[in-house]
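The next block holds one structure in the form of C-alpha cells; read it before the comments.
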Amino acid sequence: MNRPRLLPPGLLPLLAGCVFIAASLNAPARDYWVYLGTFTGQNSKGIYVSRLDDHGKLSPPELAATNDRPVFFVVDHKNRFLYAANETSNFRNTQGGSISAFAVDAKTGHLTALNQESAIARGPDHIDIDATGQAVMVANYDGSSVTSFPIKSDGSVGPAANFIQQHGSSIVPGRQDVPHAHSISVDPGNHFALVCDLGLDQVLVFKLDPRKATLTPNDPPFVKVTPGSGPRHLAFHPNGRFAYLISEIACTMTAYGFDPKQGTLTELQTISTLPAGTDKLTNYACAEVVVHPSGKFLYGSNRGPNTIVVYAIDQKTGKLTSVEHVPCGGLIPRNFNIDPSGRFLLSANQDSGNITVFSIDEKTGRLTPTGNEAKLEKPVCVVFVPVK
C-alpha cells in the first residue's frame, strides 16, 4: 500500500501499504534502494536489497540482513529506520513472532540490526508506523491480534505497549473459523489505525495515541464486509477521503469514503478484481492493493490468474473504473509496489522467484513490461528508499 499522510508542518508525507515509502508525491527521476522481503529457506536468508535506476533496471539482489521470514516492512518518514514483521512462531521460545528494527544507510543500502521484540502472538504478517515515528504496529495473522510498540530515539523498538486479541468467526470453513488480522494501516491524518481481519469479515478501526504507542477501539469499532469476502489489505487515497480494500477470498475491491475526524468508513462501491465474465476458481486469491502517488489510479494483485488489475479513480467520488488486467510476469504476486516517482511498478512473484518491472503510463495508468527483472527465492515484499 502506498499511503501519503497529512502531517503537521515540518514533516514529510508518508506513503505506505505492503508497504511504506517516504518521499514526495512529485519525486523526480532518481535511483532507489529496493528492499525485498522473503520467505526464508535454503536459498533466501532474510532481507535483500537491489538498486533501481531511473530507467527501471534492477541490480541483482544482495543480502542486506539475515532475518527470519521478514514478510513485510515499513520505513520511517526520514528513511533512517526499517521495521520488519517476522512471520514466525518461535521467537525466543515464546511461541510467537517478532518485530525487527534496522538502521538504514541510504548511501550504501546497508542495514544494521538494532533489536528485536516479541509480537506476543504467532504470525505477524503486516506492519505500519505512525507519522511521527513514535509507534509501530503489527497485525498477527495466526495470533488473531494486533500489537503496538514504542520507538526509541535510536530507532530501536521497546517492548509491546499494547496487545489486542480478537474473537469471532465468519462463514468460510477452514479460512474464517477464527479471526485473522491480515493488515494494519495508519490513516493519513495519523489519528486512526485500520485493521483488515480476514477471519471476521471486518475492518476494525482503532484510535491511535502515538506518544503512548497504544490503540483503543473507535466508535463504531468496525465496519462489516460482505460475508465470505476475507478482507486482506487497505490503501488510502492521497486526499485522505477515500480508502480501498482488497478482499482475498472473494477477489473484490471495495471503495470507501473515509471520515478523517470520526474514523468511519462508508461503502461506495464493490467490484471484482477479475475480468468481466471470469469464473472465480478456488485457487484464486487477491493480495496487495496500492494507490498511485498521483491518486489517479489504483492497482491490485490476483494470485492464481497472476495478474495486476488497474483501475482509474474518480477524483470527486472515489469510485473506480476498470482499465486493464496485466500478467504479472511470474507466479503468485503476493506483493507489489510503486516507486515514489510513480514511474515504475515492481511485482514480487513469490512462486516463480522473480521481481518484474513495469513502466506506468502517467496519463492512463496502464502498465508495460520493461523486460527488466531480478531473481530471488520467495520474494514477498517490496519497499523503496531514495539513494543518497
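The values are calculated or read from the model by the stated rules, or taken from the named source; none is laboratory data. Bear in mind that the values here come from a model prediction, so they are computed numbers and not experimental data. Note that we place each Cβ from the backbone using ideal geometry, even for glycine, and neighbour counts take in every protein chain shown.
Select from the stretch 259-318 the residues that are out of contact with any Pro (no Cβ under 9 Å at 6 or more places or on another chain), among the acidic types (Asp, Glu) and either in a strand (DSSP E or B) or in contact (Cβ under 8 Å) with a residue 40 or more places away in the chain (or both) and list them in ascending order.
Across the stretch 259-318, the qualifying residues are Asp259, Glu267.
Kindly indicate whether any position in the stretch 149-164 is closer than 23 Å to Met253 by Cα and either surrounded by fewer than 24 Cβ atoms within 10 Å (Cβ to Cβ) or of a type outside the set (Lys, Arg) (or both).
no
Look at Pro8 and say whether it is over 21 Å from the mean Cα position of the chain (by Cα), at pLDDT below 95, exposed (fewer than 15 other Cβ atoms within 10 Å of the Cβ) and not polar (S, T, N, Q).
Spelling it out, Pro8 is indeed over 21 Å from the mean Cα position of the chain (by Cα), at pLDDT below 95, exposed (fewer than 15 other Cβ atoms within 10 Å of the Cβ) and not polar (S, T, N, Q).
When the stretch 224-256 is examined, which residues are found to be surrounded by fewer than 19 Cβ atoms within 10 Å (Cβ to Cβ), in contact (Cβ under 8 Å) with a residue 40 or more places away in the chain and not small (Gly, Ala, Ser)?
The answer is Thr226, Pro227, Asn239, Arg241.
When the residues of the stretch 165-207 are filtered to those that are under 18 Å from the mean Cα position of the chain (by Cα) and of a type in the set (Asp, Glu), which remaining residue is surrounded by the most Cβ atoms within 10 Å (Cβ to Cβ)?
Taking the candidates together, the pick is Asp197.
Looking at (1) charged (D, E, K, R); (2) surrounded by fewer than 19 Cβ atoms within 10 Å (Cβ to Cβ); (3) under 28 Å from Pro327 (Cβ atoms); (4) in contact with a strand residue (DSSP E or B) (Cβ under 9 Å, 6 or more places away or on another chain), which is the one condition that is false for Asp259?
Result: Asp259 fails condition (3) only.
Filter the stretch 67-107 down to the residues that are within 21 Å of Ala135 (Cβ to Cβ), more than 19 Å from the chain's Cα centre (by Cα) and at pLDDT below 95 and list them by number.
Scanning the stretch 67-107 gives Phe91, Gly96.
Where in the stretch 101-182 are the strands (runs of 3 or more DSSP E), entirely inside, with at least 2 residues that are in contact (Cβ under 8 Å) with a residue 60 or more places away in the chain and either of a type outside the set (D, E, K, R) or touching a helix residue (DSSP H, G or I) at 6+ places or on another chain (Cβ under 8 Å) (or both)?
124-129, 135-140, 145-150
In the stretch 131-147, what count of residues is obtained for those that are over 23 Å from Arg175 (Cβ atoms) and touching an Asp or Glu at 6+ places or on another chain (Cβ under 9 Å)?
Going through the stretch 131-147 one residue at a time, the tally reaches 4.
Consider the stretch 205-216. How many of its residues are part of a strand (DSSP E or B), touching a residue at least 40 places away in the same chain (Cβ under 8 Å) and either of a type outside the set (D, E, K, R) or at positive phi (or both)?
5
Can we say Thr94 is of a type in the set (Val, Ile, Thr) and in contact (Cβ under 8 Å) with a residue 60 or more places away in the chain?
Considered against the rule, which asks whether it is of a type in the set (Val, Ile, Thr) and in contact (Cβ under 8 Å) with a residue 60 or more places away in the chain, Thr94 comes out as no.
Restricting attention to the stretch 217-237, which residues are part of a strand (DSSP E or B) and not aromatic (Phe, Trp, Tyr)?
Pro217, Asn218, Asp219, Pro220, Pro221, Val223, Lys224, Pro231, Arg232, His233, Leu234, Ala235
I'm told Tyr48 meets every condition in (1) surrounded by fewer than 17 Cβ atoms within 10 Å (Cβ to Cβ); (2) within 23 Å of Ser352 (Cβ to Cβ); (3) in contact (Cβ under 8 Å) with a residue 60 or more places away in the chain except one. Can you identify the failing condition by its number?
For Tyr48, the exception is condition (1).
Would you mind stating whether Pro238 is touching a Leu at 6+ places or on another chain (Cβ under 7 Å) and within 15 Å of Ala193 (Cβ to Cβ)?
No; evaluated as a whole, the condition is false for this residue.
For the stretch 339-388, name all the residues that are crowded, with 19+ Cβ neighbours inside 10 Å, among the aliphatic types (A, V, I, L, M) and either under 16 Å from the mean Cα position of the chain (by Cα) or outside any strand (DSSP E or B) (or both).
Leu345, Leu346, Ala348, Leu376, Val380, Val382, Val383, Val385
Every residue, every condition in (1) among the aromatic types (Phe, Trp, Tyr); (2) within 24 Å of Phe192 (Cβ to Cβ); (3) crowded, with 24+ Cβ neighbours inside 10 Å, yes or no:
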{"residue": "Arg80", "(1), (2), (3)": "no, no, no"}
{"residue": "Ala106", "(1), (2), (3)": "no, no, no"}
{"residue": "Leu114", "(1), (2), (3)": "no, no, no"}
{"residue": "Pro124", "(1), (2), (3)": "no, yes, yes"}
{"residue": "Asp130", "(1), (2), (3)": "no, yes, yes"}
{"residue": "Gln134", "(1), (2), (3)": "no, yes, no"}
{"residue": "Ala139", "(1), (2), (3)": "no, yes, yes"}
{"residue": "Gly143", "(1), (2), (3)": "no, yes, yes"}
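Could you list all residues from the stretch 184-198 that are among the small types (Gly, Ala, Ser) and in contact with an Asp or Glu (Cβ under 8 Å, 6 or more places away or on another chain)?
Once the filter is applied, which keeps residues that are among the small types (Gly, Ala, Ser) and in contact with an Asp or Glu (Cβ under 8 Å, 6 or more places away or on another chain), the stretch 184-198 yields Ser185, Ala193.
Could you check, for the stretch 169-180, whether at least one of its residues is in contact with a His (Cβ under 7 Å, 6 or more places away or on another chain) and of a type in the set (A, V, I, L, M, F, W, C)?
Scanning the stretch 169-180, I find no residue that is in contact with a His (Cβ under 7 Å, 6 or more places away or on another chain) and of a type in the set (A, V, I, L, M, F, W, C), so the answer is no.
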